[in-house]
Every structure is written in C-alpha cells, then in structure tokens.
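Before any comments, here is the structure.
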Amino acid sequence: MMNHDHFHHLVYGSLRDYLTGEVLVDTDDERIRQNLSRLMIEEKGYTADNLLPRLYIETLFGGNFVRSTIELTVAVRGRRFMIIRYGPGSLVSRERSAIAAARILHPEYQIPLAVVTNGRSAELIDTATGKILGNGLESIPSRIEAEELVSTLTFPPRQNGLELEREKRILNAFDVERCCL
C-alpha cells in the first residue's frame with residue numbers, strides 16, 4: 001500500500017536547513033520554518049547554539065502513532081526555556097498541544113514558555129498556566145531579553161504518572177494528521 005501522508009504538500013525540490021545545512025524537502029511549510037530560524041538569529045539575536053531544531057516526541061494511543069515535531073527549542077544559560085511550534089492557520093487551535101509538548105519534552109523539567117506561530121503571527125504562552133503572555137512575532141523574547149528572563153522563570157519537574165500520560169494523550173490527539181480522509 002502506498003503511503004500518501006505527504007502528497008498534499010507541494011514539493012519544490014530540496015533546500016538547505018538554515019541552522020544545520022542539512023538537506024530538507026522544500027515545501028511552503030518548510031520555507032516558513034526556515035524563516036523562523038532566520039528570525040531567531042538575524043532579528044532576535046540568538047546563535048545556532050541556542051536553537052535545537054526538530055526535536056520530537058513520539059506517542060501511541062488508540063492505534064494512532066504520532067511524531068510531534070517541535071520546530072525549535074530555545075536554550076540560554078544551559079536551560080531549555082522555550083519551544084516554538086509552527087502550524088498553518090489558527091493559533092488558538094495549536095495552543096494546548098504546544099503546552100503539552102513543553103511540559104513533557106525535557107526529561108527532567110517542564111519548559112516554561114511556548115510559542116505557537118503560523119509564520120505571520122505568534123502567541124507566547126506560559127506553559128504552567130496556559131496564559132497568553134504576548135501576541136505577534138515581536139512577543140518572542142530576544143536573546144538579550146531571554147538572558148534576563150530565564151533567571152525569573154520556574155522550571156518545575158517534568159510530570160510523571162497520570163499527569164504525564166494525560167499530556168501525551170493531548171499531544172497525540174491534537175497532532176494526529178487527519179489529512180485527506
């Protein structure tokens with residue numbers, strides 16, 4: 001049986017990843033992801049060492065295997081303090097899965113901030129409370145702001161047991177690809 005998972009994306013060929021130089025499939029979505037990396041370095045002042053691209057969380061519930069990719073994980077002072085998740089369309093529909101990903105991505109602690117973006121707009125979210133801290137791409141903290149911010153953030157231990165299972169279920173349910181059914 002042929003896998004049709006990615007046939008709904010227009011493929012232009014290949015491109016080089018802005019951060020790593022890795023060759024990737026060139027799609028409209030990937031071009032937006034590359035622009036996010038450029039924004040973080042050229043406008044927000046981060047270095048490639050501050051940005052971890054394409055980390056992922058794998059989940060399996062109800063027969064649905066899902067690989068949830070976190071476009072960028074941002075670290076300063078040796079702490080992963082923010083994730084950035086991209087998806088086309090509405091930001092509000094992506095908030096809860098970004099919170100779940102930030103709560104479970106790191107094996108030791110919850111990442112305190114998450115950004116959801118469609119490439120044109122963004123929301124900065126407190127992952128402990130779910131509160132929106134800022135709107136627009138300008139709400140993404142610069143490296144200088146992050147250096148100060150990271151000392152004021154709390155990094156609670158990663159959830160375990162039922163709480164961890166609940167966050168994984170949420171991530172799985174929100175990120176399962178339901179295209180072309």
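Values in this text are rule-based calculations from the coordinates and carry no lab data. Please read all numbers here as calculations on a predicted model, not as lab measurements. Neighbour counts are summed over all protein chains in view; Cβ atoms, including those assigned to glycine, are modelled from backbone coordinates with ideal geometry.
Oblate is the label for the chain. Its Cα gyration tensor axes, ordered a ≥ b ≥ c, give a/c of at least 1.5 and b/c at or above a/b. For the stretch 139-181, the set of trypsin sites (Lys or Arg not before Pro) satisfying both a DSSP loop assignment and a count of at most 16 other C-beta atoms within 10 Å is given as Arg178.
Per-residue Karplus couplings for the stretch 143-150, computed as 6.51 cos²θ - 1.76 cosθ + 1.60 with θ equal to phi - 60°, are listed in order as 4, 4, 5, 5, 4, 7, 4, 4 Hz, Gly and Pro entered as x. Oblate is the label for the stretch 27-128. Its Cα gyration tensor axes, ordered a ≥ b ≥ c, give a/c of at least 1.5 and b/c at or above a/b. Under a 5 Å amide H cut-off, with hydrogens placed 1.01 Å from N, Leu72 pairs with Arg54, Ile84 among residues at least 5 apart or on other chains. Over the residues of the chain, the helix contribution to mean residue ellipticity at 222 nm works out to -7000 deg cm²/dmol, using -39500 (n - 2.57) for each DSSP H run of at least 4. Simple point charges give the picture: +1 on the Cβ of Lys and Arg, -1 on the Cβ of Asp and Glu, and for the chain a dipole about the Cα centre of about 320 debye. Shape verdict for the stretch 17-83, please, from the Cα gyration tensor: rounded (a/c under 1.5), prolate (a/b greater than b/c) or oblate. Cα axes put the stretch 17-83 in the oblate bin. Among the GluC sites (Glu not before Pro) in the stretch 116-181, those located in a DSSP loop and surrounded by at most 14 other Cβ atoms within 10 Å of their own Cβ are Glu177. Spin-label model, Tyr109/Leu164: points 7 Å from Cα along the beta carbon direction are separated by 1.8 nm. Among Gly136, Gly45, Gly21, which one moves the most in a GNM of the chain with springs linking Cα atoms closer than 10 Å? Ranking Gly136, Gly45, Gly21 by mean-square fluctuation puts Gly21 first. Counting only DSSP beta bridges with both residues in the chain, the antiparallel share comes to about 85 percent.
Listed values for the stretch 103-112 are Karplus-derived 3J(HN,Hα) couplings in whole Hz (6.51 cos²θ - 1.76 cosθ + 1.60, θ = phi - 60°), namely 6, 10, 4, 7, x, 10, 9, 7, 7, x, and x replaces Gly and Pro. Multiplying the residue separation of Glu43 and Leu10 by 0.36 nm and removing their Cα-Cα distance gives an extension gain of 9.0 nm. Per-residue 3J(HN,Hα) values for the stretch 161-174, derived from phi via the Karplus relation 6.51 cos²θ - 1.76 cosθ + 1.60 with θ = phi - 60°, read x, 5, 5, 5, 4, 4, 5, 5, 5, 4, 4, 4, 5, 6 Hz in sequence order (x marks Gly and Pro).
Quick one: net charge around Tyr12, please, counting Lys, Arg +1 and Asp, Glu -1 for every other residue with C-beta under 12 Å from its C-beta. Value of the local net charge: -3.
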